[in-house]
Every structure is written in structure tokens, then in C-alpha cells.
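Note sheet for the following structure.
The values are calculated or read from the model by the stated rules, or taken from the named source; none is laboratory data. Computed from a predicted structure; not experimentally measured. All Cβ positions, even for glycine, are placed from backbone atoms using ideal geometry, and neighbour counts span all protein chains on display. For the accessible areas, the whole protein counts, side chains as well, though only heavy atoms, and no ligand, DNA or RNA atoms are used. Shrake-Rupley method; radii C 1.70, N 1.55, O 1.52, S 1.80 Å.
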Amino acid sequence: MLEVRNLTKIFANSYDQLAGGIRNASFSLPSGTFFTLLGPSGCGKTTTLRCIAGLERPDSGYVGVEDRVLFDSERNISVPMNLRQIGMVFQSYAIWPHMTVFENVAFPLRVSKQRKYSSEEIGKLVNEALETVELGGYGERPATKLSGGQQQRVALARAIVGHPKLLLLDEPLSNLDAALREEMRIELKRLQRQIGITTVYVTHDQAEALAMSDRIAVIDRGHIVQLAEPKQIYFRPANEFVARFIGSTNLFTGRAEDSVAANSLGTVRLTDGSAVRCVFPAGATAGEEVTISIRPESIVLAPDGVPVSGDHDVLKGTVQAASFLGSSIRYEVEVNGETVKAMSPPDTSFDPGERVQLTFPPTSVVAVERSSDRAAA
């Protein structure tokens with residue numbers, strides 16, 4: 001449905017010589033996919049979206065939707081944005097305050113360069129779009145009389161009113177409060193499934209990406225560093241950056257005891273001498289320096305000395321702090337000079353200063369690639 005190959009758009013920077021933008025981004029999406037570009041501010045995710053939309057002209061690469069070429073640097077093809085049949089929702093919604101809800105949604109149809117719509121067609125399509133986003137009957141309201149969530153729905157209705165091939169969403173929930181943002185996540189996913197439209201979504205919110213996406217591309221300094229399904233991204237991060245950026249994790253450094261085949265279990269000897277078994281997605285050679293990631297929710301705390309299942313690994317430490325979060329308790333445990341985070345059920349009770357053992361199954365621990373310190377220059 002959407003194919004992007006070697007997409008590159010670099011912005012010069014005369015201050016510190018670190019150029020922003022996106023470099024050699026490639027991905028191919030089947031029809032109906034909810035695809036998220038995820039990363040910190042300035043990583044290149046919005047640049048990628050704007051290049052797909054036609055708001056930015058890439059330096060090089062290819063963008064195609066179905067059998068249409070939208071951009072191809074080799075053949076000097078660049079289709080204008082208004083001819084790409086793409087719907088887009090901006091972070092600010094871009095709702096015109098002097099128009100009614102109906103006229104805001106109808107605007108793309110009235111200015112369409114591809115075909116002329118009759119008044120009857122416009123009325124039918126606008127009302128269908130408003131019903132889809134659950135704003136039926138709101139057509140005559142002034143846009144300024146709407147709440148933030150309602151304005152976002154209007155922006156969505158305007159984006160889908162012309163039945164586009166592709167829907168692009170640029171951080172559309174960032175201006176909403178936490179409760180409404182949670183509600184709109186569910187609503188956006190429902191709407192996308194109902195319409196069946198291929199969607200590219202930009203966000204820096206990891207929870208949003210994990211909850212809504214079929215596939216996620218994690219971007220670091222202009223490079224896609226991992227592209228996979230949400231569970232793969234979370235439980236099998238490709239490198240230290242992904243492990244740190246997606247949720248919370250504990251990172252340890254050590255060396256592989258023996259050579260390990262890809263996707264096999266092996267043992268890492270940590271710097272303090274402790275041995276931890278983990279999964280090696282890329283394999284390792286004996287003696288190779290390794291960084292491992294353990295998610296806090298994979299760790300079970302128990303009083304020191306309690307018998308442990310033979311298929312679990314064990315580290316020992318001292319509780320430093322405990323924070324009650326309602327559905328869980330977040331513990332910080334000092335383990336040989338390192339602070340380890342662990343999430344436990346709310347009915348557990350360990351006091352600061354108490355000795356505990358941290359147990360976890362080896363399959364929940366993963367060896368990750370050490371993040372490159374390359375500058376995005």
C-alpha cells in the first residue's frame with residue numbers, strides 16, 4: 001500500500017554542524033496497517049511524514065502509494081501535495097475558526113483539483129464523515145464552540161471526507177489532557193479499523209505507540225534503528241537506545257561466557273562476577289562485551305534466602321526506596337553499586353534497608369546492541 005525506499009531529507013545546521021532530518025528510511029506497509037514513527041523530538045519522524053505528504057521535497061529516495069509514484073528522485077517525479085490523495089491531521093488541528101463544523105470538513109472537497117463535487121455530494125460525504133467520527137448533528141456549530149477533543153474529531157473528519165488512500169497523523173493527541181488522550185487513543189484505533197485505511201502516525205509517546213500500532217519504526221538521530229511489532233520492540237529491543245526509550249529498563253554490562261548462536265540462550269558474566277542467562281538475538285562470541293536489558297516488571301522480589309525456582313536467575317541487593325503507584329509498587333534496589341528498578345504487586349511489602357533477592361526467567365533478559373555514538377551529521 002505504501003512503499004518508502006531510501007528516503008533522505010537533511011537540514012543544514014550552521015551552529016553545531018549536527019544536521020537534522022531523516023536518512024535512508026525504508027519501509028513497506030500492507031493495506032490497513034496502523035504504522036507509527038516513534039522517537040524523541042528532533043529525530044526526523046515529522047520530517048518523514050512531511051516528505052510522504054508532499055510538504056517537504058526529499059533530497060533523494062522513493063515514495064509510492066499502491067501503483068502511483070508520488071516521489072522518485074531518480075526519475076525526477078514529485079507529485080504536488082493536493083494531488084496525492086492523502087488525508088492529514090496536524091498537531092494543531094488547523095481548524096478554521098470563522099467556519100462552521102460542516103464547512104471545515106467540506107473545505108477539501110470544495111477546493112479539490114482532481115474533480116468537482118456537487119452540493120449534494122458534498123453534503124452526503126461531509127455528513128458521512130461526521131457520523132464516522134461521532135459528530136453527527138454538529139455540522140452547523142461554530143468551530144470555536146468545540147472542545148479540544150471535538151476539534152480533533154473535526155480534523156479527522158476533514159482528513160477522511162474525500163476517502164484518501166492514506167491517512168497521516170502528526171502527534172494529534174499532544175494537545176489533549178491525559179484522560180482525554182487515553183479516550184482518543186481508543187477512538188482513533190476504532191476509527192482506523194472501521195475505515196480500514198492505512199495510517200502513518202507520528203508520536204514521541206511510547207505508551208501511545210505500543211497501544212495503537214500494528215508496526216513501529218523507532219528513529220534515533222535520523223536513522224530507523226528498529227522496525228517491528230510492538231511486543232518485539234518492547235521485549236526484544238535492538239539496541240540500548242530502544243531499550244531505554246521504550247518504557248523503563250535495567251541495563252547491565254558484562255561478557256559472554258561462551259559463543260552463542262543467534263536467538264539462543266547464553267550466559268553473561270557481569271562486572272561484579274554474577275552470572276545471568278539471557279537471549280542473544282544476534283548471537284555472540286566468547287569474551288565479547290555485552291549489554292543486557294531486564295524490564296522492571298520481569299523481576300520478582302523475595303526475601304533473601306527464600307528458595308528460588310531452578311529456571312530463574314538470581315541477583316541479591318538492598319532495598320533503597322519504594323513508591324506506591326496504585327496498581328503496583330516501584331522498588332529501587334541497590335545491587336553491587338547499581339540501582340535496579342523492579343515493579344511488584346501492590347500487596348508486597350519490603351522496607352528500605354531490607355535485603356532481598358531479585359529473580360527473573362532468562363527468557364525475559366535480552367542482549368542488546370550497544371548504541372552508536374555517531375552524530376547525525
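For D220, are the conditions met, namely being more than 28 Å from C43 (Cβ to Cβ), in contact (Cβ under 8 Å) with a residue 24 or more places away in the chain, open to solvent by less than 40 Å² (accessible area, probe 1.4 Å) and of a type in the set (D, E)?
Numbers: more than 28 Å from C43 (Cβ to Cβ): no; in contact (Cβ under 8 Å) with a residue 24 or more places away in the chain: yes; open to solvent by less than 40 Å² (accessible area, probe 1.4 Å): yes; of a type in the set (D, E): yes.
Here the answer is no, as D220 does not meet what is asked.
Listed here are the residues, each with its yes/no results for (1) in contact with a His (Cβ under 6 Å, 6 or more places away or on another chain); (2) touching a residue at least 60 places away in the same chain (Cβ under 8 Å); (3) under 16 Å from V365 (Cβ atoms); (4) not aromatic (F, W, Y).
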residue: T267; (1), (2), (3), (4): no, no, yes, yes
residue: A284; (1), (2), (3), (4): no, yes, yes, yes
residue: S298; (1), (2), (3), (4): no, yes, yes, yes
residue: T318; (1), (2), (3), (4): no, no, no, yes
residue: L325; (1), (2), (3), (4): no, no, no, yes
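I'd like the residue in region 104-121 that is surrounded by 18 or more Cβ atoms within 10 Å (Cβ to Cβ) and touching a Phe, Trp or Tyr at 6+ places or on another chain (Cβ under 9 Å) and, out of all such residues, is farthest from I197 (Cα to Cα).
N104
Pick out the one residue from S274, S248 that is in contact (Cβ under 8 Å) with a residue 40 or more places away in the chain, more than 29 Å from D214 (Cα to Cα) and polar (S, T, N, Q). Outline the logic, then answer.
Numbers: S248 fails: more than 29 Å from D214 (Cα to Cα).
On inspection, the qualifying residue turns out to be S274.
Hey, among Y234, Y201, which residue is open to solvent by less than 50 Å² (accessible area, probe 1.4 Å), within 12 Å of the chain's Cα centre (by Cα) and under 21 Å from K9 (Cβ atoms)?
The match here is Y201.
For (1) out of contact with any Leu (no Cβ under 7 Å at 6 or more places or on another chain); (2) surrounded by fewer than 21 Cβ atoms within 10 Å (Cβ to Cβ); (3) acidic (D, E); (4) in a loop (DSSP other than H, G, I, E, B), each residue gets a yes or a no:
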residue: S248; (1), (2), (3), (4): yes, yes, no, yes
residue: D258; (1), (2), (3), (4): yes, yes, yes, yes
residue: A262; (1), (2), (3), (4): yes, yes, no, yes
residue: R269; (1), (2), (3), (4): yes, yes, no, no
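Tell me the strands (runs of 3 or more DSSP E) entirely within region 274-325 that contain at least 1 residues that are of a type in the set (S, T, Y) and in contact with a Pro (Cβ under 8 Å, 6 or more places away or on another chain).
289-294
Which of the residues spanning region 23-52 are assigned to a loop (DSSP other than H, G, I, E, B) and within 15 Å of I197 (Cβ to Cβ)?
Listed by number, the residues that qualify are P30, S31, G32, T33.
Output the number of residues of region 164-189 satisfying the condition of being open to solvent by 20 Å² or more (accessible area, probe 1.4 Å) and more than 23 Å from L109 (Cα to Cα).
14
Of the conditions (1) at pLDDT 95 or above; (2) aliphatic (A, V, I, L, M); (3) open to solvent by 70 Å² or more (accessible area, probe 1.4 Å), I77 satisfies every one except a single condition; which number is it?
Of everything listed in (1) at pLDDT 95 or above; (2) aliphatic (A, V, I, L, M); (3) open to solvent by 70 Å² or more (accessible area, probe 1.4 Å), I77 misses just condition (3).
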